[in-house]
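Each remark here refers to the structure printed beneath this line.
The values are calculated or read from the model by the stated rules, or taken from the named source; none is laboratory data. The structure displayed is predicted, hence computed values, not measured ones. Virtual Cβ from ideal backbone geometry, glycine too; neighbours counted across all protein chains shown.
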Amino acid sequence: MASRSIAKDIITLRGSAAIVSEFFGYAANSILYNRGVYPEESFVKVKKYGLPMLLTQDEGVKTFIANLTAQLSGVFDVLAYTDKDVAVPFTWIESDPKLISNPQMVKLHSFDTKIHKVDTIVS
C-alpha cells in the first residue's frame, strides 16, 4: 500500500518535462513583466502554483513563448535577450552567451518535481 502511494506522488520524466516547460512559460512572462519589456496593461493576472502570475495577452509574444516552451526537454539552459525596440522573432536559435556588464541578479521561485529541480535567475 505504501509503494502505491509513493508511485502516485512521483512525476515521470515525460510529465516532469511538461511541468518544467509550463513553469518556464510562466517564468518568461514574469521576466517580461518585471523588466517592463511590454506595457503593464498587456498582462492579465492568473493564479498558478498558488501564486498570482501575470500572463501577456500579446498574441505574438504568446506564440513565441509557446513555440519556445514546446521545444524544451531534458536538461537545458535558456538565455533570453530582450530589447523593447526589437520585433519578436518567430523562432529561437542557439548562440554563444552574451555577457551583460554589471548585471543585476534576481532569483525567482525554484521548482522541484522530486526528480528535477529548476532554479530561475534573471540577470
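Do any residues in the stretch 24-38 that are in contact (Cβ under 8 Å) with a residue 40 or more places away in the chain and under 15 Å from I121 (Cβ atoms) have Cβ atoms under 6 Å from those of residues that are buried (at least 21 other Cβ atoms within 10 Å of the Cβ) and of a type in the set (V, I, T), where the two are at least six apart or on different chains, and which pairs are they?
A28/I65
Restricting to the stretch 58-78, count the residues that are exposed (fewer than 12 other Cβ atoms within 10 Å of the Cβ) and either more than 13 Å from the chain's Cα centre (by Cα) or at pLDDT below 75 (or both).
4
Please indicate, with yes or no, whether at least one residue in the stretch 15-35 is assigned to a loop (DSSP other than H, G, I, E, B) and either at pLDDT 70 or above or more than 15 Å from the chain's Cα centre (by Cα) (or both). Step through it out loud before you land on a result.
To start, the set of residues in the stretch 15-35 that are assigned to a loop (DSSP other than H, G, I, E, B) comprises 35.
Of the ones still in play, those that are also either at pLDDT 70 or above or more than 15 Å from the chain's Cα centre (by Cα) (or both) are 35.
Checking the stretch 15-35: at least one residue is assigned to a loop (DSSP other than H, G, I, E, B) and either at pLDDT 70 or above or more than 15 Å from the chain's Cα centre (by Cα) (or both).
What tally of residues in the stretch 36-52 results from selecting those that are surrounded by fewer than 18 Cβ atoms within 10 Å (Cβ to Cβ) and in a strand (DSSP E or B)?
Result for the stretch 36-52: 7.
Restricting to the stretch 45-54, and then to whatever is out of contact with any Ser or Thr (no Cβ under 9 Å at 6 or more places or on another chain) and of a type in the set (A, V, I, L, M, F, W, C), can you tell me which residue is modelled with the highest pLDDT?
At the first step, the residues of the stretch 45-54 found to be out of contact with any Ser or Thr (no Cβ under 9 Å at 6 or more places or on another chain) are 45-52.
Next, only the ones that are of a type in the set (A, V, I, L, M, F, W, C) stay: 46, 51.
Details: V46: 94, L51: 84.
Applying the filter and picking the extreme gives V46.
Does L55 satisfy being over 18 Å from D112 (Cα atoms), of a type outside the set (S, T, N, Q) and in a strand (DSSP E or B)?
yes
Taking the stretch 79-92 on its own, how many of its residues are β-branched (V, I, T) and at pLDDT below 70?
2
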